[in-house]
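What follows is a short report on a single structure.
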Amino acid sequence: MKLRGGLALIKATWLSWMQVRSFFFLLAFGWMIPPLIYLFVWSTAAGSGTVGGMTREGFVAYYLVLIVVNQLTYSQTNWTVGDVIRYGGMNSLLLRPLSPVFDALSSEVAGKVVYLTFVVPVTAVLAVILRPELHLTLRNALAFVPAVALAWALRFLWGYSLALLAFWATQADALLALQDALIFLLAGQVAPTVLLPGVLRTAALVLPFRYMVGFPVEVLSGQLDRVGLAVGFAYQVGWLTVALVAFLVIWRAGVRRYSAVGG
Amino acid sequence: MQYLRMVRLFISTAIQNMLAYRLNFWISLLHSLLSFGTGVIAVEVLFGQVEAIRGWTLSSTLGLLGTYLTLGALRRLFIGPSLEALAGMDGEIWTGKFDYTLLRPVDVQFLASVRLWQPLALLDLVLGGGVLIAAGVRLGHTMTFADVLSFLVALASGVAILYAILLAFSALVFWSPGFLYTWLFNALFQMARYPVGLYPGWLRLVLTWVVPVGIMTTVPAQALSGDLPAATLAGSLALAVVLFAVATVLFRTGLRRYASASS
């Protein structure tokens, strides 16, 4: 069974990643900083009043959730796919009786567990210090779970497809940097989507990036009404379909083009 | 004199090295434009919502961003590459390649700090300078010769503080090889992109007294907007001198612990 092999690989990778925790904790720390900066800046801006209808406590809650969601959906493995293709590491992956995407998925799961053992406690401590205010409703909490799952799938497949362009171009990594920049601007990190000025907000609502990070955060922090929720999920599923098709097309064409180097 | 000649040689080697990889120029240009663009847009978004935060306006915060980008560019140009090669991932202290540095009849700290140059960082320098000039124009007050001079002194002491902290962080590798202190510094350095005054009290204390990354950008930005007390400038200079001395002692003490690797 392919699935059993996949699960074994996931377990092996996870155990080996836990061995070198301090390195991954450091990475996770680095990724926490940008949202943390905007948490402080916006909550200072709000002071004891409100900015764009959000209070200081609201900003703190929004950004603390964002730190966790960002870590949950960030596909760090996409950065290594290019190297695997360039240096011929793909050879041995292709020989396995399961799709190489499982290799990336196993690193994903392993990474998530290691990173979250760092990020969750730190966020909890920050929550105690900074006193966020979260009006949690059952509907929002229930909608949050599929929103995060879809966001992760979208971000992973989107990044994986971009990384697979390494079959054609040696420097496809540059596109991942571009994606990270767009996520920074449009996925609710620099500011919650509602606070973005006109053009940026429209771009954020239409392009896929908000649905990789910002959308689930907005869901949990209760910024969306019933319509906003429905439209958001529609966009999320739509973009996920696009990403899935893109992945399949690029993967098939790429593997046919791949001529093993080294190995 | 001999040292200046060596620096010239280092630079010309770096330029030859750079010319060998022409595609890298475009990739690097993309990265520079991304960090410049996201930085500026982030500030614009923030001040689209509020007029001023704790006395910082759009113009003065842009001045600070310009300082941050300029400092980052200078670091990438000539301090960063060498110290990253020394203490970064698979650094020379970890692999034992540091032996080759020690064997040369030149000052070790000099060689370890400025051996490698990254000429592509000049792009960042141009963009950072552009933001500084734009901010200066927006601030609107005519800068006297004394203003320009105090800005340059503040910037120079910022560079010295940056170098000292980076050297100190790199030197810690002698005590715990393999831990990526320079990455830890990267994470903290990002905090310097906003004025320390925008962070909560405890963090402001950390960024001023423990790891003074806040001073590096806040002081020159104050000089740019013309409200820098002479005492602060003197303090920043004194801090630069003290930190430089402490970092040098730390580096030399660490050096004695170095026992090579492999072989």
Discussion item. As an exercise, use a Förster radius of 25 Å and the Cβ-Cβ distance of A:Ala149 and A:Val120 to find the FRET efficiency, rounded to the nearest 0.05.
Written reply: 0.90
Worksheet entry | 18 Å reach of a label modelled at B:Glu51, 7 Å along Cα-to-Cβ, counting backbone N of segment B:184-213 | none
Discussion item. Can you classify the protein assembly as shown as rounded, prolate or oblate using the Cα gyration tensor, where a ≥ b ≥ c are the square roots of its eigenvalues, rounded means a/c under 1.5, and otherwise it's prolate if a/b beats b/c and oblate if not?
Written reply: oblate
Discussion item. I need A:Phe118, B:Phe145 ordered by Cβ neighbour count within 10 Å, fewest first.
Written reply: B:Phe145, A:Phe118
Item to complete: Return the distance in nm (one decimal) between the two label points of a simple spin-label model at A:Tyr258 and A:Ser22, each offset 7 Å from Cα along Cα→Cβ.
Response: 3.5
Worksheet item: Among B:Met191, B:Met1, B:Met89, B:Met18, which comes first, then next, by fewest other beta-carbon atoms within 10 Å?
Response: B:Met1, B:Met89, B:Met18, B:Met191
Worksheet item: Using bins 5 angstrom wide from zero, how does P(r) for segment A:111-165 break down, in % of all Cα pairs?
Response: 4, 14, 12, 18, 24, 15, 7, 5, 1
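What's the local net charge at B:Thr217, with K and R +1, D and E -1, over the other residues with C-beta under 14 Å away? Kindly include the intermediate steps, with their values, before the conclusion.
Values: positive: B:Arg75, B:Arg193, B:Arg204; negative: none.
Charge balance near B:Thr217 sits at +3.
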Worksheet item: For the Cα atoms of chain A, what angle does the longest principal axis make with the long axis of helix A:56-73, in degrees from 0 to 90, nearest 10?
Response: 10
Fill in: Intensity falloff of segment B:220-263 expressed as log10 I(q)/I(0), Debye formula with alpha-carbon point scatterers, at q = 0.13 Å⁻¹
-0.50
Worksheet item: Normalised by the residues of chain A, what does the relative contact order come to in percent, with Cα pairs under 8 Å and at least six apart?
Response: 26
Worksheet entry | Using a Förster distance of 25 Å, the FRET efficiency for A:Ala8-A:Thr80 (Cβ separation, nearest 0.05) | 0.75
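Net charge near B:Met6, counting Lys/Arg +1 and Asp/Glu -1 over other residues with Cβ under 15 Å of its Cβ?
+3
Give the order of A:Glu108, A:Glu57, A:Glu133 when sorted by the count of other beta carbons within 10 angstrom, beginning with the fewest.
Exposure proxy ranking, most exposed first: A:Glu133, A:Glu57, A:Glu108.
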Discussion item. Using the Cα centre of chain B as origin and beta-carbon charges of +1 (Lys, Arg) and -1 (Asp, Glu), tell me which of B:Ala73, B:Ile41, B:Gly130 is placed farthest towards the positive end of the dipole.
Written reply: B:Ala73
Worksheet entry | Fraction of the pair-distance distribution of segment B:1-159 above 28 Å, Cα-Cα pairs, percent | 36
Discussion item. Among A:Leu15, A:Leu196, A:Leu157, which one shows the highest mean-square fluctuation when chain A is modelled as a Gaussian network with alpha-carbon springs under 10 Å?
Written reply: A:Leu15
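Rule-based calculations on the coordinates, nothing more; no lab input. None of these values were measured; they are calculated from a predicted model. Glycine also receives a Cβ, built like all others from the backbone with ideal geometry; neighbour counts cover every protein chain displayed.
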